[in-house]
1. Return the total of residues in segment B:1-32 being facing chain A (nearest Cβ under 7 Å) and not in a helix (DSSP H, G or I).
2. Quick one: would you say A:Pro439 is modelled with pLDDT of 95 or more and of a type outside the set (A, V, I, L, M, F, W, C)?
3. Looking only at segment A:456-471, count how many residues are within 16 Å of B:Ala29 (Cα to Cα), of a type outside the set (A, V, I, L, M) and more than 7 Å from chain B (Cβ to nearest Cβ).
4. Quick check: is even one residue across segment A:12-24 without any contact (Cβ under 8 Å) to a residue 24 or more places away in the chain, loosely packed, with under 14 Cβ neighbours inside 10 Å and within 30 Å of A:Ser300 (Cβ to Cβ)?
5. How about segment A:362-420: which of its residues are among the hydroxyl-bearing types (Ser, Thr, Tyr), surrounded by fewer than 24 Cβ atoms within 10 Å (Cβ to Cβ) and within 29 Å of A:Ile336 (Cβ to Cβ)?
6. Among the residues of segment B:36-65, write down those that are more than 7 Å from every other protein chain (Cβ to nearest Cβ), among the aromatic types (Phe, Trp, Tyr) and surrounded by fewer than 17 Cβ atoms within 10 Å (Cβ to Cβ).
7. So which of A:Phe431, A:Phe461, A:Phe469 ends up being crowded, with 20+ Cβ neighbours inside 10 Å, modelled with pLDDT under 95 and not in a loop (DSSP other than H, G, I, E, B)?
8. Can we say A:Asp451 is assigned to a loop (DSSP other than H, G, I, E, B) and more than 30 Å from the chain's Cα centre (by Cα)?
Amino acid sequence: MTETVALTSAGWLHPSLLLILGTLFIPLLRDRLQQVYRIALSVIFLWTVWQTVPGVHASFGFLGLDLVPGRADRLSLVFAYVFSLITVIGTIYSLHVKDNVQHMAAYVYAASAVGVVFAGDLVTLYVFWELMMLASVWLIWRRRTPESYAAGFRYLLVHAVSGVLLLAGIALYYSQTGSLAFNQIDMGGPAFYLILLGFMVNAAVPPLHAWLTDAYPEATVTGAIFLSALTTKTAVYVLLRGFPGTELLVWLGAIMALWGVVYAVLANDIRRLLAYHIISQVGYMVAGVGMGTAIALNGSAAHAFTHILYKAVLFMGAGAVIHMTGKSKLTELGGIYRYMPYTFLLYMIGAFSISAFPLFSGFVSKTMVVEAAAVDHRAWIWLMLSLASAGTFLHTGLKLPYFTFMGKDSGLRPKEAPWNMLLAMGIAAFFCVFIGVYPAWLYSFLPSPVDYDAYSLSHLFWELQLLLFTGLGFFLLIKHLGGEPKISLDTDWLYRRALPATTGWLRRTGGTAWNAILSLLLGGIHGVIHGLARHHGPQGVLARTWPTGSMVLWVAVILAGSLLIYYL
Amino acid sequence: MGAFLEYLVKRSRLLSVLMLTFMAALVVADVLIPTGYGRFPWDTIGGFGALYGFVSCVLIVVVSKALGYAWLYRSEDYYDKRTTADSEFSAKSLADEPSDNGTRGTS
């Protein structure tokens, strides 16, 4: 039954395979040699991905299943490009870190993400999907704090549930259609919703999002760069492929965009604030998937591309601050722009990009999704997304940098971040500006041909007014906007407090009830035992010995009787 | 670079005046120059972006803070109160490994 027919086009090596095999040599190398090797490996990975042309490059039969681990088209390539780019940037950013487990986990994680986007069938997709989870959790655990240890386990549990949902959906889908090919899921019923739910957990769609803001702020400084780039964006990719035009996603996406904004107001930890803005930004992409028009799908893919780069700049900037000061809360930071000016300026490039200022990358991608809503005359969605846009600038562009780098002097006197961190931020920041100034480069590899001009007068007027007057609001309300030393409840409360409390309550009340039932039953059994003991016990009637003489008499009577009967 | 930024911060009053002038000019330009879009009723109202941006900002802050104070804010050790056994276990098992991607003290 194991017919293995390899149909691999000559000369194409699966980039994920290359990276995973290359990872095995990391523990053998040390110090400078290992740093050179890691950079070389990530650059070769980038090169193999960018060399990939559309087409089916690898497929084989295994146990009667048609597996296609190497399907590339324009949609998968956009994502593979940016995943490989961020792998190089993340490698440079983490060059100083001496932790083989983290490096290997990051590479296996990146390889799996590219494996997901090149997967042409659902089984391959599922395998890489789960590998992503297993590799990425180490980027959280290797922070080696009690908090990261616990957060990592919660991360693992949530993703295990999503994996089971996805697997159940795939099994149902296969049994109903007889096909494993991963294309648009165009059937209703449980299979559709199970697969969608599995994807939505990874896309961090509320209320299934809390794993992200719970775990990412606890990750290692360098691991957070990979985390912020890969998991949610592979989920956006699979949604783009499997569920374009699903109306539910339009509304969920718009709610997502605002959910992140509301919680970002309340956040005090700088990386938690940024994590909430991942949810907000992925909201635009999910809404774009839901609208399903060519411009909306292009917008989602473009926004995923720019988002990975500017979010990396922001997480790298916040990570550099944490690395150099040891503090991560707005209430403990402030006034450090004099000491970390380059970190501050590079961070601001990321902040202007996520806020969609003209000439920065977010402007050419985010306005595309918003424009898609305008083309479809979806007024409410358009207003919600614009509201979220204002909120993004308010927090990521104003609140976080103001209270971290400026504001009141916290007394911290950190040194500037190490050169490799600044270089990694610089490369990502370069792409943020480059794409903003020259969007045609990004538009040239979007899934469908692009007929869209971001720099129309209307867009410029609208965005500039929206953002600058949001800024005015910020400076008027600045007294109320500083961080507060508090945490906010989110849906993770359900499995961090409500469920443990419920099981505790069940155990206690259930225990009492069980004891009552047990004593009732035992009472009955004791009764039976006593009854038996009364008759059969040593003093019981039935335990008395019978005299043997009477036995002999009765035998004689029976014998005499039978003799009598014989003669009759 | 730090010195240059300090120079700018010292002149923040001048910079804010310049910025406010630019913002006023922007609104005036939006009122005067028609942009050609008419897909939503507000597309043709000059300066609507400015109004929407300002209102959005205030709305987001007020609604979020209200939600925070009324419902969502908790003390920072809210989740730690009941997981001490778990934390002790992990702290003990991790204690012998020094962190090398953790944090560095300020110098």
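1. 1
2. Details: modelled with pLDDT of 95 or more: yes; of a type outside the set (A, V, I, L, M, F, W, C): yes.
So A:Pro439 passes the test.
3. Total satisfying the criteria: 3.
4. No, because not a single residue in segment A:12-24 is without any contact (Cβ under 8 Å) to a residue 24 or more places away in the chain, loosely packed, with under 14 Cβ neighbours inside 10 Å and within 30 Å of A:Ser300 (Cβ to Cβ).
5. The answer is A:Tyr402, A:Ser410.
6. Passing the criteria: only B:Trp42.
7. Working: A:Phe431 fails: modelled with pLDDT under 95; A:Phe469 fails: modelled with pLDDT under 95.
A:Phe461 is the lone residue from the list that is crowded, with 20+ Cβ neighbours inside 10 Å, modelled with pLDDT under 95 and not in a loop (DSSP other than H, G, I, E, B).
8. Details: assigned to a loop (DSSP other than H, G, I, E, B): yes; more than 30 Å from the chain's Cα centre (by Cα): yes.
Judged against the criteria, A:Asp451 is a match.
The values are calculated or read from the model by the stated rules, or taken from the named source; none is laboratory data. Source: prediction; values computed, not measured. Here the Cβ is made from the backbone with ideal geometry for all residues, glycine too, and neighbour counts use every protein chain on show.
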